[in-house]
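One structure below.
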Amino acid sequence: MQEELFAFKLFDKGIIRFGEFTLKSGITSPFYIDMRKLCAYPTILKSLAVIIAKQLKDKEFKHICGVPYAALALSSLVAQELNIPQILMRKEQKKYGTKKMLEGVFKRGDEVVLIDDVITSGISFIESANKLEAEALVPSLLLSIIDREQGGSKNLDAHHYPNESIFKISELAQILNQHQKITDLQYQQLITFINKQKVSISTSTKNINSSIKIRKTYKTLAQESQHPFNKKLLQLIQQKKSNLCFSADINDKTKFLETVKSVAPHIVILKTHIDIISNFDTEFIAQLKLLRAKHNFLILEDRKFADIGNTVYHQYYKGIYKIATWADAITVHAVAGAASVKALSENKKGSEQAAQHSPAIILISQMSTVDTLTDEAYQEKVVAIAKQYSDVVVGIVSQSKQALAAGQLHLTPGIKLTVAKDAMGQQYDSPAKAFREKGTDVIIVGRGIYQSENPQASATHYQRVGWEAYLAGLNGLIVG
Ligand code: 5BU
């Protein structure tokens, strides 16, 4: 019987061990699986590849891909066994040349079986699946060799990824116990441990289902929206087939303008932090306006107004930046309650500049940083203010889908295809994940574009991936 043989081999070679082990997470586990050692045993690897090939025999897919690095040797053997092309996935983006994450010969929409050695929480599977989706490939099956039975499979179900495993750790342990390789106590300790450690599902199923079912087309959102900013934005989105907001966090004005010029055809919003421009002058604003007129995008000044009404009024209309004279929209924190929004919206009606400069307000409901204070209770209060002032609030910056008023939009920063975080608290997700799980309408990308070797090529890439993620959301199918 294949399970028996496999269990014995893994046990004899010390690949599954019983005792007291401290895991990466700091938790003490009564067993340890070290599948990396497998590469030292070609015959076990080979027989495992045969077992996997049998399990995959009747399934339809175009490629095999191993989660780097642990599953690479095995996925190569499975690819050979089935005579199916392999895709090689990098762990880190290549620094020079093509900067590709995937190597191989494939085309968009191809189905890929992703193989990993062990599944625990499912997170590394999800990250690898996201890399496939970023190239518009379809992860049609996530196959693990051993399931540690700690909730990983449920987690993948919640993310709508079909998944299977060859062996379950409890079955392997039972075999070892039946054949007196481990004691009853060791077996019991393993069962108790896996029951206790089951990870909670990382993303609520509720959110995923709702994002797939209620994903509105941009056309519907355009019909629903009342504010001229959103009407224009949604029209640009459909026209340019882009949901990309470029965050040009560049200090030098010349470099800023050059970069914006090169990416402009691919974006619908240019997001600025005007106070980080070192050599700011009014000429810069004139140039910016010219670019906007020529390339048809909207400008969002990410000023994050967060003060009492009187102060935000001055910050918006006065000072050296005179934001009111050039920004199509502004971001506002609701930490002061509705005061900031109210002041800005009343000024819209009352001030002498009002007619030209009614601000479209984007409220910040949730931040992307690792230890943000914007918890669920806070977000709910922000959304309530957004709805109450829906004549001026055109959307929110958030990391999760919220029940907004008709026509209001979700904008999502913290988008990057290659890394999960920066060194200063920023957290990243892929466009696919944003559209699948966060109710995203517009992705905001900064360093993913302007720090790349070729910002124009990167903008094209994010435009395509963002658009495909939107289309996938409409179909309930995640392709990129
Ligand atoms: P990045 O280079 O893609 O990490 O830049 C993200 C931009 O979005 C940057 O200008 C931030 O100020 C902005 N941002 C964010 O990253 N996270 C948030 O929660 C909010 C804004 Br609100």
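The values are calculated or read from the model by the stated rules, or taken from the named source; none is laboratory data. Keep in mind that what you see is a predicted model, and the values were worked out from it rather than measured. Glycine gets a Cβ as well: all are built from the backbone with ideal geometry, and neighbour counts include every protein chain shown. Remember, those area values only see protein heavy atoms, side chains included, never the ligands or the DNA or RNA. Shrake-Rupley method; radii C 1.70, N 1.55, O 1.52, S 1.80 Å.
Couple of notes before you dig in:
- Matching residues in the stretch 445-472 - criterion: being open to solvent by less than 20 Å² (accessible area, probe 1.4 Å), in contact with an Asp or Glu (Cβ under 9 Å, 6 or more places away or on another chain) and either of a type in the set (Ser, Thr, Tyr) or at pLDDT 95 or above (or both): GLY446, TYR470
- Just one residue in the set GLN186, GLN150, GLN197, GLN178 is free of Cβ contacts under 8 Å to residues at least 24 places away in the same chain and not β-branched (Val, Ile, Thr); that residue is GLN178.
- Selection of the stretch 297-312 for residues being open to solvent by 40 Å² or more (accessible area, probe 1.4 Å) and assigned to a strand (DSSP E or B) yields ARG303, LYS304.
- Screening the stretch 370-403 for residues that are assigned to a loop (DSSP other than H, G, I, E, B), more than 14 Å from the ligand (Cβ to nearest atom) and within 20 Å of ALA336 (Cα to Cα) and picking the one that is least open to solvent (accessible area, probe 1.4 Å) gives VAL392.
- If you go through the stretch 253-295 and keep only what is touching an Asp or Glu at 6+ places or on another chain (Cβ under 7 Å) and of a type in the set (Ser, Thr, Tyr), you end up with THR272, SER278.
- Among the residues of the stretch 102-119, those that are charged (D, E, K, R), buried (at least 17 other Cβ atoms within 10 Å of the Cβ) and in a strand (DSSP E or B) comprise ASP116, ASP117.
- Only residues that are assigned to a loop (DSSP other than H, G, I, E, B) and away from the ligand (no atom under 15 Å from the Cβ) were counted in the stretch 445-465, giving 2.
- Among (1) within 12 Å of the ligand (Cβ to nearest atom); (2) open to solvent by less than 10 Å² (accessible area, probe 1.4 Å), the one test that GLY407 misses: (1)
- Here ALA432 clears all of (1) in contact (Cβ under 8 Å) with a residue 40 or more places away in the chain; (2) buried (at least 19 other Cβ atoms within 10 Å of the Cβ); (3) more than 28 Å from LYS100 (Cβ to Cβ) except the condition numbered (3).
- Filter result for GLY466 (touching a residue at least 40 places away in the same chain (Cβ under 8 Å) and on the phi > 0 side of the Ramachandran plot): no
- Selection status of TYR321, more than 13 Å from the ligand (Cβ to nearest atom), aromatic (Phe, Trp, Tyr) and not in a helix (DSSP H, G or I): yes
- Cβ pairs under 6 Å, 6+ apart, first in the stretch 222-242 and over 14 Å from LEU411 (Cα atoms), second open to solvent by 10 Å² or more (accessible area, probe 1.4 Å) and assigned to a helix (DSSP H, G or I): SER225/LYS231; LYS241/TRP467
- Filter pass, VAL419 being more than 9 Å from the ligand (Cβ to nearest atom), within 18 Å of SER247 (Cβ to Cβ) and assigned to a loop (DSSP other than H, G, I, E, B): yes
- The condition of being at pLDDT 95 or above, under 28 Å from the mean Cα position of the chain (by Cα) and in the same structural domain as ILE323 (by TED's automatic domain parsing) holds for only one of ASN230, ASN279, that being ASN230.
- Screening the candidates LYS99, LYS154 for the property of being at negative phi, surrounded by fewer than 21 Cβ atoms within 10 Å (Cβ to Cβ) and at pLDDT below 95 yields one hit, LYS154.
- Residues considered: ALA70, ALA79. Of these, the only one that is modelled with pLDDT under 95 and open to solvent by less than 50 Å² (accessible area, probe 1.4 Å) is ALA70.
- Selected residue (only one of LEU190, LEU172, LEU142, LEU185 is in contact with a Phe, Trp or Tyr (Cβ under 7 Å, 6 or more places away or on another chain) and part of a helix (DSSP H, G or I)): LEU190
- Filter result for LYS271 (touching a residue at least 60 places away in the same chain (Cβ under 8 Å), of a type in the set (Lys, Arg) and closer than 19 Å to LYS322 by Cα): yes
- Residues in the stretch 82-96 that are at pLDDT 75 or above and under 22 Å from the mean Cα position of the chain (by Cα): ILE87, LEU88, MET89, ARG90, LYS91, GLU92.
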